[in-house]
Amino acid sequence: MAYRVRVITASEHAAFNATRPAVSFLQTPAWASVKSAWGSQSLGWFDDRGRLVGAGLVLYRRLPGFRTSLAYLPEGPVIDWASDDLDGWLGPLVEHLKRSGAFAIRIGSTAVARTWSAETVKAAIADPAVTRLGDVPPDTVGEAAARARGQLLELGWRPPKEAAGFSAGQPRRVFRLPLAGKDEERLLKGMNQLWRRNIKKAGKAGVTVTQGGVEDLPDFYRVYLETAERDHFVPRPFSYFPAMFEALSAEDEDRIRLYLAHHEGDLVAATLWIRVGGHAWYSYGASATAKREVRGSNAVQWRMITDALAAGCTVYDLRGITDTVDKDSPHLGLIQFKAGTGGEAVEYLGEWDLPLNRLLYKAFDVYMSR
């Protein structure tokens, strides 16, 4: 079936998302307000009976010096990725974005391609002959994602080049903790001994975790800057976080939460939690260099996990990991920390590009690499 694609209102988009079990927060109309430096449109897919059957948030990033843009759908669009006719879904999108002046399109599917259990990840880290998770046989393989990959290649889409660590765009690999059918006792039992000990240690040390508000963002940001300096990443400006809070809360008052872990009056860790439907995400995290021994990071994670469970979520998402399990990699500690929760490493079908103007696409690629 060929679908019609047209612009829809933010309210139509939000109403469609509400009919799905879960949608990435990057595909909510509110996210357009967070990314206010980009142009944006909410698009809808309509079948031959006029029913809205798919939706997507498109962000437009103009190429400097040109009147043309990259059209980007982060972790979207929300369509049937298991379809045997992806051209019927993506063809109308391409035609719409061509008319909108795009020189290239980037989409990002969260169809699951492969998963590795925490035990498989642990074994890979312990094996000196293994340096990449992708070289390890997965525990599950997503047949629908494999079919979609073949169709995308036939249609001329290409996956962006992968960097060794984290790069522009959304992560292809994440770490998720399944919550469906579990209670707190079972979740704790599934964690490794270090995680259980650290959660208990935080409680004994008197770490308290509370939910804050916009007025507490300056405290979060102070520790966030400390984390950025310690871990050598470029921090976002402070203005990004109040804008994020305001935009997401306007769509759903419980869409985003700030958690603060204190020890004897000192802020030792702070995190942002986002939820859409049955999916909750750990979005941003920060921890103080002092008092690491009281394990504030484990305490605040445990609070977010249990709150996600109480909210009826089926997935708690710890977001990006890299492909490395090399003991000499600076990214190894991240996957070790997340694997301690007892969840699973997940590889998505991920992001794909379709160049519409190859010369401009190449220029943009060079611009982004710089």
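Computed from the coordinates by the stated procedures, all read-outs in this text should not be read as laboratory data. Since the model is a prediction, treat every value here as computed from it, not as a measurement. Don't worry about glycine lacking a Cβ; one is built from the backbone with ideal geometry, like all the others, and counts go over all protein chains shown.
Any residue in the stretch 321-339 that is buried (at least 18 other Cβ atoms within 10 Å of the Cβ), more than 26 Å from Ala145 (Cβ to Cβ) and either in contact (Cβ under 8 Å) with a residue 60 or more places away in the chain or not β-branched (Val, Ile, Thr) (or both)? No: zero hits.
With among the small types (Gly, Ala, Ser), touching a residue at least 24 places away in the same chain (Cβ under 8 Å) and farther than 25 Å from Glu229 by Cβ as the only criterion, which of Gly342, Gly285 stands out? Don't jump to the end; show me each part of the working.
Numbers: Gly285 fails: farther than 25 Å from Glu229 by Cβ.
Result of the check over Gly342, Gly285: Gly342.
Can you find a residue in the stretch 120-141 that is of a type outside the set (Lys, Arg), in a strand (DSSP E or B) and in contact with an Asp or Glu (Cβ under 9 Å, 6 or more places away or on another chain)? Taking every residue of the stretch 120-141 in turn, at least one turns out to be of a type outside the set (Lys, Arg), in a strand (DSSP E or B) and in contact with an Asp or Glu (Cβ under 9 Å, 6 or more places away or on another chain). Can you confirm whether the stretch 183-205 contains a residue that is more than 30 Å from Trp352 (Cβ to Cβ), in a loop (DSSP other than H, G, I, E, B) and among the small types (Gly, Ala, Ser)? No, that holds for no residue. Could you please find all residues in the stretch 27-75 being crowded, with 19+ Cβ neighbours inside 10 Å, closer than 15 Å to Ala10 by Cβ and among the hydrophobic types (A, V, I, L, M, F, W, C)? Within the stretch 27-75, Ala30, Trp31, Ala32, Val34, Leu43, Ala55, Leu57, Val58, Leu59 qualify. Of the residues examined, Asn357 is not one that is surrounded by 22 or more Cβ atoms within 10 Å (Cβ to Cβ) and either in contact (Cβ under 8 Å) with a residue 24 or more places away in the chain or not small (Gly, Ala, Ser) (or both). Note on the stretch 1-112: enclosed helices (runs of 4 or more DSSP H) holding 2 or more residues that are out of contact with any Ser or Thr (no Cβ under 8 Å at 6 or more places or on another chain) and closer than 17 Å to Leu248 by Cβ are 10-18, 31-34.
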